[in-house]
Amino acid sequence: MGVTTKRVITKKPEVLAPAGTLEKLKTAIRYGADAVYIGGNAYGLRSRAGNFTYDEMREGVAFAKAANAKVYVAANMVAHEGDVEGAGKFFRELRDIGIRAVIVSDPALIEICAMEAPGLPIHLSTQASATNYETLNFWQAEGLERVVLAREVEMDEIREIRRNTDIEIEAFIHGAMCISYSGRCVLSNHMSERDANRGGCTQSCRWKYGLFDEEQNSLLGGEILEEFSMSAVDMSMIRHIPDLVESGIDSFKIEGRMKSIHYVSTVSNVYRRAIDAYCDDPDNYEYKQEWEDELWKVAQRELATGFYYGTPTEHEQLFGKPRKIQAYSFIGQVLAYNEKTQIATIQQRNHFGLGDTVEFYGPKFTHVYQTIDELWDEHSNPIEHAPSAMMIVQAKVTVPVKPFNMIRKKKHM
């Protein structure tokens, strides 16, 4: 009789989450991220993402280190004349703070970092459009530690790349997809004079457009029943964890530095759960529909697999009227819980009140449902609603919850 060999995953991929603020950094790590990527006060592509000061970076690095996690800084702008001034000092500061690596696309910034901040690892940004193993081998010879693949690379291409290079590979597995190739877009520059490649993207592709007849000076009617955009649906690879792991990708990247802690906690939690399930026992792995159901609670658009299994069609773009997605409101975060009195102290983030059925969720995919029957303000006065942003309230919660558990409720359709 033959001997059945049990498959063993020798290297578990990194879960890399976005962190637009210090709160999001801590949330992502609490909810399962092995690493986070943040922006500094210069050289990045998210000027409105709540970028980190040096002091905030120090606090974030200390928090991550205590949790055995890593912090990367995105410095992936396309540099114009004058933009690189002070870059050497910036990179040295990141190195000395303890940033694990910097994510860069512009060769000038790569050269400056390598020459003026030795010891700070460099990762090639997805904006550099690395799509073949020769490119990865080139950047490895230049001293880079990791390459973030272009989002246009297919799964079969990733396997071929992995067979022909040993540099670390990072790939996006969830989040928004740019309609432009590898995010190199000029729409925002043209429409609003804000350069997407230098941190000023206004997401012009997400705007609503109609067809205009200049001669008639009016919008065209007829078969065109509604406005449209030029944007893609979002990516989600939750159904394809085995393919991702077996392809040899070292880091699974989640998009969304401008998203909320509701998004960061939910998506990090789901992918942590799924990746652990597969890597711990690949032979008996089973996909759980509840994972995808959880992702839909923070979804804003339809979900698809991007370019992983072929070129997207019109079905992966936002043409026409989108389907209705059951939306959830993020309403608060648990600050403390008294098991004896069953009272949870909550920091409110959106309106809720008596009679609302809410969901508490936490790391390791824990979920508790509770109807709010008793509610008090921070002075223990009974109240019917929690209407004020960031107010501290107390609620009776009969099943134990923990600090930093998140709370949400369904929105009415």
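The values are calculated or read from the model by the stated rules, or taken from the named source; none is laboratory data. What you are looking at is a predicted structure, and each value in this text was computed from that prediction instead of being measured. Please note: Cβ atoms are built from the backbone with ideal geometry, for glycine as well, and neighbour counts cover all protein chains shown. Remember, those area values only see protein heavy atoms, side chains included, never the ligands or the DNA or RNA. Shrake-Rupley method; radii C 1.70, N 1.55, O 1.52, S 1.80 Å.
For ALA336 and TRP296, what does the FRET efficiency come to when R0 = 22 Å and r is the distance between their Cβ atoms, rounded to the nearest 0.05? Present the calculation step by step, with values, prior to reporting the outcome.
Values: r = 30 Å, r/R0 = 1.37.
Given R0 = 22 Å and the Cβ-Cβ separation, E is 0.15.
Once fully extended, how much extra length lies between THR398 and GLU116, figured as 0.36 nm per residue of separation less the alpha-carbon to alpha-carbon distance? Can you show the working numbers first?
Values: separation 282, 0.36 × 282 = 101.52 nm, distance 5.70 nm.
Extra length available between THR398 and GLU116 comes to 95.8 nm.
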TODO: Could you grab the Rg to Rh ratio for the chain? Cα atoms only, Kirkwood for Rh.
DONE: 0.99
Task: Amide H contacts of GLU14 (H built 1.01 Å from N, under 5 Å, at least 5 apart or other chain) - done: SER251, PHE252
- [ ] For region 59-200, give the magnitude of the charge dipole about the Cα centre (Cβ charges: +1 Lys/Arg, -1 Asp/Glu; no others), in debye to the nearest 20.
- [x] 440 debye
Task: Cα-based reach from LYS396 at 17 Å (exclusive), listing aspartates and glutamates while leaving out same-chain residues under 8 positions away - done: GLU339, ASP356, GLU359, ASP373, GLU374, ASP377, GLU378, GLU384
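With +1 on the Cβ of every Lys and Arg and -1 on the Cβ of every Asp and Glu, and nothing else charged, how large is the dipole of the chain about its Cα centre, in debye rounded to the nearest 20?
Working: 47 positive and 58 negative charges, 265 e Å.
Around 1280 debye, computed over the chain.
Per residue, how much accessible area does the chain have with a 1.4 Å probe, in Å²?
Details: 20210 Å² over 413 residues.
Dividing the accessible area of the chain by its residue count gives 49 Å².
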Task: Label-point separation, HIS351 to ASP377 (7 Å along Cα→Cβ), nm - done: 1.7 nm
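For region 26-136, give the magnitude of the charge dipole about the Cα centre (Cβ charges: +1 Lys/Arg, -1 Asp/Glu; no others), in debye to the nearest 20.
Values: 11 positive and 13 negative charges, 120 e Å.
Its charge dipole is roughly 580 debye.
Can you give the percent of C-alpha pairs in region 31-178 whose distance is more than 26 Å?
24 percent
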TODO: Could you tell me which of SER268, MET258, TYR287 has its Cα farthest along the dipole of region 231-297 towards the positive end, charges placed at Cβ (Lys, Arg +1; Asp, Glu -1), taken about the Cα centre?
DONE: MET258
TODO: Determine ³J(HN,Hα), in whole Hz, for all residues of region 14-31 in sequence, where each value follows from phi through the Karplus function 6.51 cos²θ - 1.76 cosθ + 1.60 and θ = phi - 60°; x replaces Gly and Pro.
DONE: 6, 8, 10, 10, x, 8, x, 9, 4, 4, 5, 4, 5, 4, 4, 5, 4, 9
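Please report the antiparallel percentage of the DSSP beta bridges confined to the chain, to the nearest 5. Spell out each step's value before the answer.
Working: 37 of 65 bridges.
Counting DSSP beta bridges with both partners in the chain, the antiparallel share is about 55 percent.
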TODO: For region 60-110, report the convex hull volume of the alpha-carbon atoms normalised per residue, in Å³, without decimals.
DONE: 66 Å³
Task: Computed label-point distance, nm, for sites HIS412 and GLU215 using a 7 Å Cα→Cβ extension - done: 5.0 nm
- [ ] Name the residue farthest towards the positive end of the dipole of the chain from the options SER231, VAL399, ILE179, assuming +1 on Cβ of Lys and Arg, -1 on Cβ of Asp and Glu, about the Cα centre.
- [x] VAL399
Open item on the list: Placing one identical point scatterer on every Cα of region 284-413 and ignoring solvent, what is log10 I(q)/I(0) from the Debye formula at q = 0.12, 0.15, 0.23 Å⁻¹?
Closed with: -0.57, -0.77, -1.37
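Sum up the lysine pairs in region 21-109 that clear both bars: alpha-carbon distance under 21 Å and a spacing of 8 or more or different chains.
Details: LYS24/LYS65; LYS24/LYS70; LYS26/LYS65; LYS26/LYS70.
Final tally of qualifying lysine pairs is 4.
Kirkwood Rh over Cα pairs of region 127-209 into Stokes-Einstein at 10 °C, 1.306 mPa s: D in µm²/s?
Details: Rh = 14.3 Å.
After rounding, the answer is 111 µm²/s.
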Task: Charge-dipole axis of the chain as Lys and Arg at +1 and Asp and Glu at -1 on Cβ define it, positive-most pick from ALA42, TYR31, PRO242 - done: TYR31
- [ ] Diagonalise the Cα gyration tensor of region 260-341 and give the resulting equivalent ellipsoid semi-axes, square root of 5 times each eigenvalue, largest first, whole Å.
- [x] 29, 22, 10
- [ ] Between ALA389 and TYR369, with labels modelled 7 Å along Cα→Cβ, what's the label distance in nm to one decimal, could you check?
- [x] 3.1 nm
